[in-house]
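Written out below as structure tokens is the structure these notes cover.
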Amino acid sequence: AAARLDAARRSAGDAKAAAAAEVAEVEAAREAAARQARASKERADGTSKRAEALRREAAAARRTLLETRVFLHRGRRCMATATTFRAARRPYDREAQERQPRQTTRFVGRVQYDGTEYVGWQTQPSGRGVQDVLEARLSSLLGGRVYVAGSGRTDKGVHARDQVFHFETPAQESVGEGGEGGEGGGTRVAHVQLAAALSAADDAAVASVLERVLSGPRSGMPPDVLVRSVCVAPAGFHARDSCVGKRYVYTVEEGIGSPFGARYRWVLGRGRRLDVALMGEAAALLTGRHDFSAFGVRRPDDPRPPTKVMRRLEVRRLPAERDKDDGGDGGGGVVIITAESDRFLYNMMRLLSGTLVQVGLGKLSVAGVGELLAERGRKGRHGSLVVKAPPHGLCLERCFLDYEHGAWPGGGARGAPVEDD
């Protein structure tokens, strides 16, 4: 009996151990199933988040595409209008215009533009001059042919932060109900406030409305042209003659650059760094009154004097923090060449900038710059060469007007001919 009891006890213990083992296996299986469920949920959540991110990216891409299409449509529409107006444009005879008594009000405006997509400031048969765009839009707004005169010309690809221009409202007899604003006919002034200001002959109100329209989100201008201000011109004002001086800025980037600044900087390439101190020494030689024949393009029959008054010519490197913020590659910096002069010969700023960069790269000595200036030629006796910088790094930064700044120190008389910039 005792033996049977012991055997029963052992059997019960074995059964209990087997049951405990089965319970442990079940718990392990349950834990494994729970872990697998959690992993599946995490994967599902991750997939959902990735899908949501992809949906957001797709929506952003659609918005960007739509904005790009709108941008291109606005640009094409404005260019088409400018081309139409340019085809009907008569040559502007300034002498004939000045001989006639002025019957309408003259306004002065300031405009900024990205010159990448334009053939320059001056009107061209293609209608792709900034002047063409302004004339087309102003003619459309004012209901008759409007001619624009600028402070000077900028080359193809050159930008401007402060180009000054003037225009006059069309004569009343040229404003009609039909036509497309070309020669011999006008269009109705559709803007209610502008029409009211014109009818009341309120010049200040006309300027205010034009400034508000042309600088607004529905300006009718291409996105890369912005009219900053419009006001009534002072007596005797002419955008060319009243401009007593200009400031140009040329931007150079050391290193490989960045696509965010490539439209506005001359990128030198990997490993290239400028000696700004040497460039500053060379710039000091060019400051003051000089004959800049070596640094400008002049025709043999051009009567305009090559002597200019360079009030300021300096070279400086932007702080590293600003360079980083502007999207630089970190391998170099951004160097700014600033020039202020009463007049600029054609391509003068680009030739000065390109030559100073050669000094900064060690390819031209400071003495070589002085030699070029003294000999008034593109090539010095010892092989020194004047180099022209590309246009996209150049920007017309400011126009100095006589009624705002007075006469240019050491400059010529008001009304002297202005060279092409």
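Derivation of every value follows stated rules applied to the coordinates shown; laboratory data play no part. What you see is a predicted model, and the numbers here were worked out from it, not measured in a lab. Using ideal geometry, Cβ is built from the backbone for each residue, glycine included, and neighbour counts are taken over all protein chains shown.
Database remark: amide H of R263 closer than 5 angstrom to no amide H (H placed geometrically; neighbours at sequence offset of 5 or more, or on other chains; Pro and chain starts carry no H). Distance between the modelled labels on R263 and A201, one decimal in nanometres: 4.4 nm (7 Å Cα→Cβ projection). When each of the peptides 299-306, 104-111, 121-128, 338-345 is scored by how many other beta carbons lie within 10 Å of its residues on average, the order from highest to lowest is 338-345, 104-111, 121-128, 299-306. Using θ = phi - 60° in the Karplus curve 6.51 cos²θ - 1.76 cosθ + 1.60, the 3J(HN,Hα) couplings for segment 231-247 round to 8, 6, 6, x, 4, x, 6, 9, 4, 7, 6, 7, 8, 8, x, 9, 10 Hz; x is entered for Gly and Pro. Taking θ as phi - 60° and the Karplus parameters 6.51, -1.76 and 1.60, the scalar couplings of segment 357-373 work out to 5, 4, 5, x, 8, x, 8, 8, 7, 4, 4, x, 5, x, 5, 4, 5 Hz in sequence order, x denoting glycine and proline.
Per residue and in cubic angstrom, what volume does the convex hull of the Cα atoms of segment 246-312 have? All intermediate terms of the calculation are to be shown ahead of the outcome.
Numbers: hull volume 8.8 nm³, N = 67.
Per residue, the Cα convex hull of segment 246-312 comes to 132 Å³.
Counting charges near A12 (Lys, Arg +1; Asp, Glu -1) among other residues having Cβ under 15 Å from its Cβ returns a value of +2.
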